[in-house]
1. Quick check: anything in segment 70-77 under 26 Å from residue 183 (Cα atoms) and touching a His at 6+ places or on another chain (Cβ under 7 Å)?
2. Determine, yes or no, whether residue 213 is acidic (Asp, Glu) and surrounded by 20 or more Cβ atoms within 10 Å (Cβ to Cβ).
3. May I ask you to say which residue of 133, 109 is crowded, with 17+ Cβ neighbours inside 10 Å, at pLDDT 95 or above and over 18 Å from the mean Cα position of the chain (by Cα)?
4. Kindly provide the set of residues from segment 48-68 that are outside any helix (DSSP H, G or I), of a type in the set (S, T, N, Q) and surrounded by 11 or more Cβ atoms within 10 Å (Cβ to Cβ), ordered by number.
5. Between a first residue in segment 193-211 that is farther than 13 Å from residue 142 by Cβ and of a type in the set (Val, Ile, Thr) and a second residue that is assigned to a loop (DSSP other than H, G, I, E, B) and modelled with pLDDT of 70 or more, which pairs have beta carbons less than 9 Å apart while being 6 or more apart in sequence or on different chains?
6. Those residues that are within 18 Å of the chain's Cα centre (by Cα) and buried (at least 18 other Cβ atoms within 10 Å of the Cβ), I need them from segment 81-101; list them, please.
7. So for segment 167-175 (the condition being part of a loop (DSSP other than H, G, I, E, B) and in contact (Cβ under 8 Å) with a residue 40 or more places away in the chain), does at least one residue qualify?
8. Assuming residue 142 fulfils every condition listed in (1) in contact (Cβ under 8 Å) with a residue 40 or more places away in the chain; (2) farther than 29 Å from residue 231 by Cα; (3) outside any helix (DSSP H, G or I); (4) hydrophobic (A, V, I, L, M, F, W, C) apart from one, which condition is it?
Amino acid sequence: METARISNLLNYVPVLFTICLTWFFSYIVHSLNVKPDRPFITPLEEPEPTVPPSEALVNPAPYLNTLLIMVIISIAGVVLLYIARKMPKLFKSLLYVLIWIVSFGISMLYLFLGMVFFGISVSEALLVYSVILASLITYFTLKGGELKSSISASFIASGAGCILGVSIPYWTFLILIIGISIYDVVAVFKGHLSSISKSDAPLLRGLVVEVGDIALGLGDLFFYSLTISAILFNYGIASAITSTASILVGYIIVLYTLNKRRQLPGLPIPLILALTAALIIHYIL
């Protein structure tokens with residue numbers, strides 16, 4: 001994340017929309033008691049959530065699942081950044097395809113769940129609606145103005161983050177929050193993200209959300225959503241509300257700190273605050 005003025009309301013748009021959509025999607029998912037299978041990116045079976053931490057955290061599965069996720073993220077990030085700088089036309093075409101596919105999957109899933117939730121008959125029109133919505137989201141993400149692209153990016157991040165937050169194994173989630181926070185610090189200050197400046201935002205549009213006077217990574221919004229959804233599923237509504245407030249507080253702290261620094265990772269402060277607050281509320285209640 002780069003540059004910011006804490007008083008600029010536009011700086012809060014992506015995060016606020018991501019949070020609102022995450023709660024909306026999570027409400028539908030939890031009301032319908034949807035529990036997807038373990039994601040393919042976490043292939044190793046880990047101990048049950050009821051297993052004491054002293055036993056679960058000596059099992060290698062959560063650490064290996066987390067390592068696999070971060071390796072995938074790292075490789076994808078480096079490859080996409082290389083293509084963006086060396087083959088911008090190919091990158092643009094690739095991004096169109098990737099964003100459309102993800103948007104279509106998210107649209108199909110939540111339109112279907114929404115129809116079931118509201119008692120609407122599911123028909124072949126679901127496919128048509130999903131294609132139209134995915135096409136609009138893709139267009140606004142890559143071609144829309146600041147607000148349209150921010151809202152579209154929030155839709156993608158919250159849709160994907162919510163369903164992964166519900167399905168990710170419990171102990172992997174805990175390790176991942178810590179691991180991805182450390183990874184973000186290294187990537188921003190020493191890794192491939194350290195070479196990205198605000199001037200690169202137009203080139204990376206679709207992966208970077210540029211609104212107000214910030215350039216915020218789509219991955220940041222995704223992990224905010226994943227965290228809220230996973231905490232809601234595992235700890236309940238009180239912890240989820242607290243974690244949501246903590247992410248907002250952490251985001252404000254990041255914006256304030258950006259007045260003094262050129263660049264700052266957007267994950268560690270909000271995520272660690274959210275997880276810590278959620279655990280405190282969970283064990284107090």
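1. Kept after step one, since they are under 26 Å from residue 183 (Cα atoms), are these residues of segment 70-77: 70-77.
Keeping just the survivors that are touching a His at 6+ places or on another chain (Cβ under 7 Å) gives 77.
Checked segment 70-77: at least one residue is under 26 Å from residue 183 (Cα atoms) and touching a His at 6+ places or on another chain (Cβ under 7 Å).
2. Values: acidic (Asp, Glu): yes; surrounded by 20 or more Cβ atoms within 10 Å (Cβ to Cβ): no.
No.
3. Working: 109 fails: over 18 Å from the mean Cα position of the chain (by Cα).
The match here is 133.
4. 59
5. 196/204
6. Going residue by residue through segment 81-101, those that are within 18 Å of the chain's Cα centre (by Cα) are 95, 98-101.
95, 99, 100 - these are the residues of segment 81-101 that are within 18 Å of the chain's Cα centre (by Cα) and buried (at least 18 other Cβ atoms within 10 Å of the Cβ).
7. Going through segment 167-175, the residues part of a loop (DSSP other than H, G, I, E, B) turn out to be 168-169.
If we keep only those that are in contact (Cβ under 8 Å) with a residue 40 or more places away in the chain too, we end up with 168-169.
Checking segment 167-175: at least one residue is part of a loop (DSSP other than H, G, I, E, B) and in contact (Cβ under 8 Å) with a residue 40 or more places away in the chain.
8. (3)
The values are calculated or read from the model by the stated rules, or taken from the named source; none is laboratory data. What you are looking at is a predicted structure, and each value in this text was computed from that prediction instead of being measured. Methodologically, a virtual Cβ is constructed for each residue, glycine included, from the backbone with ideal geometry; neighbour enumeration extends over all protein chains shown.
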